[in-house]
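Here is the structure we will look at, set down as structure tokens.
What follows is calculated from the coordinates using simple rules that are stated; it is not laboratory data. Everything numeric in this text was worked out from a predicted model, so none of it was measured. With ideal geometry, Cβ positions are generated from the backbone for all residues, glycine too; neighbour counts draw on all protein chains shown.
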Amino acid sequence: MKKFSYLAVMAAFLSTGLTAQVSLPEVNKAFSEVGLNVKAVAESTVPGMLQVQTDKGLFFMSENKQYLFEGNIYDLKTKKLVNEDILKDIRKAGVKEFNDSAIEFKAADEKYVVHVFTDTSCGYCRKLHNEMADLNKAGITVRYLAFPRGGIQSATYDELQSIWCAKDTQQAMTDGKAGKAVKQASCKNTVAQQYELGQSFGINGTPALILPDGRLIPGYQPAAALAATLSQEAP
């Protein structure tokens, strides 16, 4: 399995901003003082602001490096969230890095592919998994990515590693979601890197669904509601 690289994510991030001479070490120093690790910096489309992608999500910073902004920025002219326009491309590039290592439940008549950050101890993750037949019937392929909510020192992290290393990963995932014991297994895997990716998107809970156009749905959605949302996606 290949290791996660921020190169594709950084390329997507930089393409959303404007060309600028930005001192990455200077920005990194400022962010490190508040416990954030900077991955990429670009001049924002918002005048006087820098957009900064970190290991814990997207932030904005004043060009004089004094003020840090966390939260949504709404463009009154375009009637769009600036954050979402930036993050959609980043999410699409990021999840694509793990297409080979995601645990896939493929629809026979595939219309959509949805990436789902998941945790076996999460009740709503289990509820979503119980609707897998309905999701697949609606043409939705689910690709699971690991997001142990307790972090990489948690028991769930160990269980997710065993699932990703199982001979039958689909059955192991189903067993884990049913609360059954998962046979311990070890191998080279990307569970930690998948978790890191989710954090870089600003995800802090599960399930977290990444739609084909890069939109994020935080939390559970019934199969019928998700199918309706996907059918309304812009081509």
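One table, with the values for the structure above:
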| quantity | calculated |
| --- | --- |
| Rounded to the nearest 20 debye, dipole of the chain from Cβ charges on Lys, Arg, Asp, Glu | 320 |
| Straight-distance crosslink candidates among aspartates and glutamates, where the alpha carbon sits under 16 Å from Lys65 and sequence neighbours closer than 8 are dropped | Glu26, Glu33, Glu43 |
| Simple Cβ-charge dipole of the range 114-235, Lys/Arg +1 and Asp/Glu -1, about Cα centre, in debye nearest 20 | 200 |
| Interchain or long-range residues, amide H under 5 Å from Ala40's placed H | Gln53 |
| Gain on full stretching of the segment that runs from Ser154 to Val46 - 0.36 nm per residue minus C-alpha separation | 34.9 nm |
| Among 43-51, 161-169, 118-126, the order from most to least packed when residues are scored by Cβ within 10 Å on average | 118-126, 161-169, 43-51 |
| Percent RCO, i.e. relative contact order, over the chain, from Cα pairs under 8 Å lying at least 6 residues apart | 21 |
| Dipole of the range 173-216, positive end: most advanced residue of Asn204, Ala185, Gly214 [Cβ charges, Cα centre] | Ala185 |
| Pairwise centroid distance, computed over Cα atoms, of the range 27-63 with the range 148-187, Å | 34 |
| Highest-MSF residue in the chain out of Asn37, Asn83, Asn64 [GNM, Cα springs under 10 Å] | Asn64 |
| Reach of Lys127 by Cα under 20 Å, taken over aspartates and glutamates that are not fewer than 8 positions away in the same chain | Glu104, Asp119, Glu159, Asp175 |
| Expected 222 nm ellipticity per residue - DSSP helices of 4 or more, -39500 (n - 2.57), all of the chain, to 500 | -10000 deg cm²/dmol |
| With Cα atoms, 0 to 90° folded angle of helix 82-96 axis to the chain main axis | 40 |
| Cα long-axis angle, helix 191-200 against the chain (0 to 90 degrees, to the nearest 10) | 40 |
| Too-long pairs where the Cα-Cα distance tops 32 Å, listed order kept, from Lys29/Lys177; Lys56/Lys188; Lys88/Lys180; Lys39/Lys167 | Lys29/Lys177; Lys88/Lys180; Lys39/Lys167 |
